[in-house]
1. So which of A:13, A:38, A:99, A:64 ends up being surrounded by fewer than 20 Cβ atoms within 10 Å (Cβ to Cβ) and within 28 Å of residue B:135 (Cα to Cα)?
2. Give the residue, chosen from A:248, A:253, that is without any contact (Cβ under 8 Å) to a residue 60 or more places away in the chain, open to solvent by 30 Å² or more (accessible area, probe 1.4 Å) and out of contact with any Leu (no Cβ under 6 Å at 6 or more places or on another chain).
3. Could you identify the single residue in B:155, B:184, B:129 that is within 16 Å of the ligand (Cβ to nearest atom), among the acidic types (Asp, Glu) and at the interface with another protein chain (Cβ under 10 Å from one of its Cβ atoms)?
4. Would the range B:236-254 turn up any residue that is under 16 Å from residue B:48 (Cα atoms), within 16 Å of the ligand (Cβ to nearest atom) and at pLDDT 95 or above?
5. Can you tell me which of (1) open to solvent by less than 10 Å² (accessible area, probe 1.4 Å); (2) outside any strand (DSSP E or B); (3) within 13 Å of chain B (Cβ to nearest Cβ) is the one residue A:153 doesn't meet?
6. Tell me which of these residue B:148 doesn't satisfy, since it passes every other one: (1) buried (at least 24 other Cβ atoms within 10 Å of the Cβ); (2) of a type in the set (Val, Ile, Thr); (3) touching a helix residue (DSSP H, G or I) at 6+ places or on another chain (Cβ under 8 Å).
7. Exactly one of these conditions fails for residue A:219: (1) open to solvent by 20 Å² or more (accessible area, probe 1.4 Å); (2) among the aliphatic types (A, V, I, L, M); (3) in contact with a strand residue (DSSP E or B) (Cβ under 9 Å, 6 or more places away or on another chain); (4) under 30 Å from residue A:19 (Cβ atoms). Give me its number.
8. Can you find, within the range A:93-131, the residue that is farthest from residue B:102 (Cα to Cα) among those that are more than 7 Å from every other protein chain (Cβ to nearest Cβ) and of a type in the set (Ser, Thr, Tyr)?
Amino acid sequence: MDTQHPRPMDRDFYVQAREAATAAQVVEQVDFDEPGAFLLDLGAGETASIELLSGAQIVNLLPFNTADPDERLWAHETCLLEGLWLTRYSRLWGTMARFRPLLTILEDTVVTPRRPGEMGAHHHPVYGGAGTPASWKWAGGREGTLTTWEQFAAALATRALPTTLIKDNACLFQKTRLDAPAQRLDILASDAVTGDRVTLFAEVDVTLMLALSPYVDGASATADIDESPRPVRITRTTAVAQPLGWPYPDMGYPDLALYLDETGTRATEAVPTPGREAILS
Amino acid sequence: MSASTIGLALEPVAPPIDQPFYDRLQAARSSFTKVDEHTVERGTGYGLRVSAGQAFRLVTVERAQIVDLCLTSAEDPTEHYAAGTQLAWEGGFVSRGNRIWGTAPRSRPLAACTADTLRPKDDASHARDHVSHGAHCNAHHWMLYTGTHPRTCYDNLRAGFAMLGLHQRYVHDNMNIYQKTALDPHTGQYLEGLSDAEAGDYIEFYAETDLLVVVSLCPQGSGADTLHGGDDDWVPYFDMPVYPIRIEVYDTGITPQGWPVSR
Ligand SMILES: [Zn+2]
């Protein structure tokens with residue numbers, strides 16, 4: 001991996017989009033409090049807000065290109081580009097071959113107070129991946145609880161999509177602290193409050209796969225959790241701006257024909273990248 | 001400081017482990033028998049099959065060389081290394097004693113790290129070698145800095161998977177062996193370091209199931225040269241020194257215990 005690779009960003013564009021989002025027309029609003037992931041299709045330029053209705057609730061987010069779900073959140077590369085924790089104007093990047101922004105955060109109202117011993121703790125880590133049935137089980141979680149992985153799997157099934165599309169997800173409203181020597185993420189009680197929200201701008205036609213985490217606000221040991229997830233409100237608005245597209249003009253960009261087939265999706269022939277294949281002995 | 005003082009709520013996940021099994025495995029290491037070896041040439045990738053109960057080593061030949069390492073179940077190639085689970089369960093680095101976890105729904109150990117001869121030279125920062133996460137360099141990274149791109153890790157991994165009959169969608173987020181880095185605990189940004197590996201160092205993994213092992217020798221070489229040191233300090237990719245790695249495969253004589261195990 002390459003650990004420093006800044007990408008250009010037209011900050012003014014997002015400042016204006018954020019302003020426009022405050023006055024955008026609502027086209028869809030759902031209060032969501034049931035187990036089972038929610039799929040929300042967003043057109044390019046539209047926004048979606050996730051707002052807490054009854055205290056802190058971790059909301060897991062795995063976005064994918066609606067027309068080509070193989071292009072989905074690349075949490076590891078997003079971490080390289082944006083850092084571990086997401087906030088206003090963080091971009092959520094998609095997988096190869098296009099490796100472009102899928103979403104940009106226009107608003108994040110969560111405040112992280114500074115408490116003794118919590119130096120370095122922040123909300124919205126882009127790395128998830130622990131919301132599996134095994135994690136829940138080995139941490140002593142209550143039997144019969146639908147984990148994030150199972151919720152994602154069920155939601156994908158409604159569109160006849162395979163579970164192999166599940167990758168590490170972003171964890172909105174989750175508070176974590178990085179244990180520096182071990183580089184492990186400690187989950188802390190979220191500081192988010194009722195009314196806090198995160199607003200996302202769709203850079204392309206994108207589907208948000210959202211699941212309420214059974215860990216609720218992260219405040220209780222897994223074995224002690226007997227509370228159901230708390231409700232959130234999901235609001236979609238009309239387009240607030242025409243996305244700039246990617247790459248920006250005059251930016252170096254690889255020839256995507258090396259990776260995509262004639263349908264515009266990643267080629268599924270088991271061959272090396274053309275022109276870069278003479279590498280095996 | 002106790003966990004409760006700092007507000008730590010969710011305890012680390014502790015999957016069951018049959019420690020006596022891994023003790024026996026360690027004790028048997030001196031009788032492992034080498035059955036195959038292959039030197040992966042500079043700037044390339046490679047794919048091989050390693051049977052359950054075998055072990056494989058990634059050996060530095062001349063000096064440190066960043067190796068992107070993918071592990072996939074040979075039985076079901078949709079089951080592969082799970083970087084997020086690894087980070088959550090075992091932390092950000094891989095070394096002796098760590099199990100290497102696969103994707104849900106099985107979420108089982110694909111391998112176990114049984115040896116790591118690298119010795120950190122400087123613990124002043126939190127950066128260490130053998131990072132458990134971070135994916136792979138690709139054409140986009142290199143285009144940005146050099147205007148062109150070499151055989152990037154994505155291309156090398158794609159070629160390695162092709163050797164095994166699998167296409168590019170099987171390339172997954174991987175371990176970064178002989179890469180020294182860490183996330184800054186305050187900013188969440190990556191810190192860079194130079195690998196502490198010397199020629200002859202190796203890291204060894206025991207295959208808990210039949211594995212497809214795919215490696216890429218990163219065109220960034222040892223990490224000692226940077227693509228982005230400053231306006232006058234960019235190193236064109238074709239000038240960057242890249243070093244070979246030797247893969248050695250061993251019969252261990254120890255049959256995996258299977259999964260799940262009783263604690
Ligand atoms: Zn690389």
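The values are calculated or read from the model by the stated rules, or taken from the named source; none is laboratory data. No experiment lies behind these values; they were computed from the predicted model shown. No Cβ is skipped: glycine too gets one built from the backbone with ideal geometry, and neighbour counts run over all protein chains shown. Side chains are part of the model used for accessible areas, which takes the heavy atoms of the whole protein and leaves out ligands, DNA and RNA. Shrake-Rupley method; radii C 1.70, N 1.55, O 1.52, S 1.80 Å.
1. The conditions single out A:38.
2. Among A:248, A:253, only A:253 is without any contact (Cβ under 8 Å) to a residue 60 or more places away in the chain, open to solvent by 30 Å² or more (accessible area, probe 1.4 Å) and out of contact with any Leu (no Cβ under 6 Å at 6 or more places or on another chain).
3. When all the criteria are applied, what remains is B:155.
4. Yes; the residues of the range B:236-254 include at least one that is under 16 Å from residue B:48 (Cα atoms), within 16 Å of the ligand (Cβ to nearest atom) and at pLDDT 95 or above.
5. It is condition (1) that residue A:153 fails.
6. It is condition (1) that residue B:148 fails.
7. So the condition that residue A:219 fails would be (4).
8. Only one residue tops the list, namely A:109.
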